[in-house]
Every structure is written in C-alpha cells, then in structure tokens.
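S.K.: Handing you a structure now.
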Amino acid sequence: MSTAASACPDYNQYGAEYRYSGSDLYSARQFSVVAGGDNNLQSCGFKNNSGYVMTAPDFSFDLYKMGGFDVEISVLSNCDSMLLVNDANANWYYDDDSNGQADPKIRISGSDGYLDVWVGTYNGEYCDATLYLETF
C-alpha cells in the first residue's frame, strides 16, 4: 500500500464504538469530538469533496432494527467542520455546510450494520465539536 493510500479514510478501522437500535436514536444522542485530521480528502480520491480527516473514523456505530428509520448525523462546532460517512453498504456520504453556520448534516435511509463517521474540518484546522445522531 502506498503512503498516500495509507493516509486516507479507512472504514476497515474502527472509531469509538456504540451500538443502537433505530428506536434508541429517536431521541438524539450527542458525542464530543475534536474535528479535523491530517488527511486531505482530495488527495484520497474524493475529488469533489474538500476537507481533512483522520485515517480511522471518529465513530463506528453498530446500528440494528433500522427498518423504516432515516438516520441524521449532524455537527455543531466553532470552526468550518465537515462530515464523511461510510454506511453498512460501503456507500460514501459527504457534507460541509447543510446544518448552517459552516456545520454539516447528512440524512440517509437507515440500514442495519456499521455506520462509520469522520468529523473533519474544511481547511485543516482542529476544533472542539459535538456530533449528533438521531433517527426519524
């Protein structure tokens, strides 16, 4: 594996692990995190997505009984944060500003399995942030 590839988001690694059902997340859960990372997404093949994340996800959520639920992942921070998510079907999702105030939000159909979440920053800085996970 080349050096550049090893310095990219890797969903084969795990972040802080949590296990929730769709109904467990009907009330939003919140998690403190330091947003940012050393890996430039554009150098990792995410040509249309800008930002910096760590190699391992910040969080690995093992979700079950997700039928009929959408899951929303959002961030509040004091910097220009961004989200990168890999779902149980190996689909990638990216957002930079959909939550307003330069914060991201992603809403996807829930499916059982791991949801890996990277909380990064648009410009490579680091800042304290709060990740919210909720179902609808």
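S.K.: Restricting attention to region 57-76, which residues are more than 14 Å from W92 (Cα to Cα), buried (at least 20 other Cβ atoms within 10 Å of the Cβ) and not charged (D, E, K, R)?
M.R.: F59, F61, L63, M66, V71, S74, V75
S.K.: Mind checking which pairs have a first residue in region 62-89 that is farther than 21 Å from G51 by Cβ and a second that is aliphatic (A, V, I, L, M) and open to solvent by 30 Å² or more (accessible area, probe 1.4 Å), Cβ under 9 Å, 6 or more apart or different chains?
M.R.: Taking only residues 6 or more apart or on different chains, the pairs are L63/A88; M66/A88.
S.K.: Let me ask something additional. Suppose the filter is at negative phi, at pLDDT 95 or above, in contact with a Phe, Trp or Tyr (Cβ under 7 Å, 6 or more places away or on another chain) and open to solvent by 70 Å² or more (accessible area, probe 1.4 Å); does M54 pass it?
M.R.: Numbers: at negative phi: yes; at pLDDT 95 or above: yes; in contact with a Phe, Trp or Tyr (Cβ under 7 Å, 6 or more places away or on another chain): yes; open to solvent by 70 Å² or more (accessible area, probe 1.4 Å): yes.
Considered against the rule, which asks whether it is at negative phi, at pLDDT 95 or above, in contact with a Phe, Trp or Tyr (Cβ under 7 Å, 6 or more places away or on another chain) and open to solvent by 70 Å² or more (accessible area, probe 1.4 Å), M54 comes out as yes.
Here is a yes/no grid of residues against (1) crowded, with 21+ Cβ neighbours inside 10 Å; (2) free of Cβ contacts under 8 Å to residues at least 40 places away in the same chain; (3) not polar (S, T, N, Q):
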site	(1), (2), (3)
D95	yes, yes, yes
N99	no, yes, no
C127	no, no, yes
Y132	no, no, yes
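S.K.: Among Y26, Y20, Y11, which is the only one that is open to solvent by 70 Å² or more (accessible area, probe 1.4 Å), in contact with a strand residue (DSSP E or B) (Cβ under 9 Å, 6 or more places away or on another chain) and under 15 Å from S111 (Cβ atoms)?
M.R.: After applying the criteria, what remains is Y11.
S.K.: Of all residues in region 80-89 being open to solvent by 10 Å² or more (accessible area, probe 1.4 Å) and modelled with pLDDT of 95 or more, which is nearest to D103 (Cα to Cα)?
M.R.: D80
S.K.: So S111 clears everything in (1) in a strand (DSSP E or B); (2) under 24 Å from F136 (Cβ atoms) except one condition, right? Which one?
M.R.: Here S111 meets the rest and fails (1).
S.K.: If G36 passes every condition in (1) closer than 14 Å to E134 by Cα; (2) in contact (Cβ under 8 Å) with a residue 40 or more places away in the chain but one, which one does it miss?
M.R.: It fails just one condition, (1).
S.K.: Is region 21-30 home to any residue that is in contact with a Gly (Cβ under 9 Å, 6 or more places away or on another chain) and at negative phi?
M.R.: yes
S.K.: Name the single residue, out of those in region 33-45 being surrounded by fewer than 18 Cβ atoms within 10 Å (Cβ to Cβ) and touching a strand residue (DSSP E or B) at 6+ places or on another chain (Cβ under 7 Å), that is nearest to L84 (Cα to Cα).
M.R.: Initial filter on region 33-45 (surrounded by fewer than 18 Cβ atoms within 10 Å (Cβ to Cβ)): 34, 38, 40, 42-43, 45.
Narrowing the set further to residues that are touching a strand residue (DSSP E or B) at 6+ places or on another chain (Cβ under 7 Å) leaves 34, 38, 40.
On the way: V34: 14, D38: 14, N40: 12 Å.
By that ranking, first place goes to N40.
The values are calculated or read from the model by the stated rules, or taken from the named source; none is laboratory data. Since this is a predicted model, take the numbers as computed values, not measurements. Heads up, the Cβs are rebuilt from the backbone with ideal geometry, glycines too, and the neighbour counts pull from every protein chain shown. What goes into the accessible areas is simple: the full protein's heavy atoms, side chains included, and nothing from ligands, DNA or RNA. Shrake-Rupley method; radii C 1.70, N 1.55, O 1.52, S 1.80 Å.
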